[in-house]
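All remarks here apply to the structure that follows.
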Amino acid sequence: MRAKAIRLAWVTTLLLAASYPAHAFRCGTRIITRGDHADKILRFCGEPASVQSRLSQRGYVSRRGRFLPGISEEVVVEEWTYNFGPHQLIRVVRLENGFVADIKYLGYGY
């Protein structure tokens with residue numbers, strides 16, 4: 001009975017860990033997380049392998065977190081791709097107005 005409970009706890013932990021989104025990644029001994037500025041990424045990770053940039057319109061949200069209908073703002077969206085070689089996953093960092101908004105992991109690099 002105890003072994004079954006331990007096994008269930010272990011499986012639950014693995015499933016939660018596998019479904020948890022990536023909010024950070026490591027460059028050497030430094031951690032890059034959501035909200036970090038582009039300068040920090042360049043300083044610790046170097047230049048990305050590729051950069052894609054576009055302008056996007058989105059609804060305006062006030063500093064208090066309230067959505068204001070009818071008002072939109074223009075956002076500079078950049079996707080920086082880091083390829084650290086065949087033994088590490090490729091990372092795509094999405095920046096909005098110069099700050100990390102999202103981090104995705106792709107397959108292994110080349």
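The values are calculated or read from the model by the stated rules, or taken from the named source; none is laboratory data. What you see is a predicted model, and the numbers here were worked out from it, not measured in a lab. Using ideal geometry, Cβ is built from the backbone for each residue, glycine included, and neighbour counts are taken over all protein chains shown. Only protein heavy atoms, including side chains, enter the accessible area calculation; ligands, DNA and RNA are left aside. Shrake-Rupley method; radii C 1.70, N 1.55, O 1.52, S 1.80 Å.
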Please identify the pairs in which a residue from region 30-54 that is farther than 25 Å from Glu73 by Cα and assigned to a helix (DSSP H, G or I) has its Cβ atom under 6 Å from the Cβ atom of a residue that is of a type in the set (Lys, Arg) and open to solvent by 50 Å² or more (accessible area, probe 1.4 Å), counting only partners at least 6 apart or on another chain. Phe44/Arg30
With the first residue restricted to region 81-106 and required to be small (Gly, Ala, Ser), and the second required to be open to solvent by less than 20 Å² (accessible area, probe 1.4 Å), Cβ contacts under 7 Å at 6 or more apart or on different chains are Gly85/Gly109; Gly98/Ala38; Ala101/Leu95
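Mind listing whichever residues of region 25-43 are open to solvent by less than 80 Å² (accessible area, probe 1.4 Å), closer than 14 Å to Val100 by Cα and not β-branched (Val, Ile, Thr)?
Hits for region 25-43 are Phe25, Gly35, Asp36, His37, Ala38, Lys40, Leu42.
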When only residues in region 65-110 that are among the small types (Gly, Ala, Ser) and assigned to a loop (DSSP other than H, G, I, E, B) count, which is surrounded by the most Cβ atoms within 10 Å (Cβ to Cβ)? Gly109
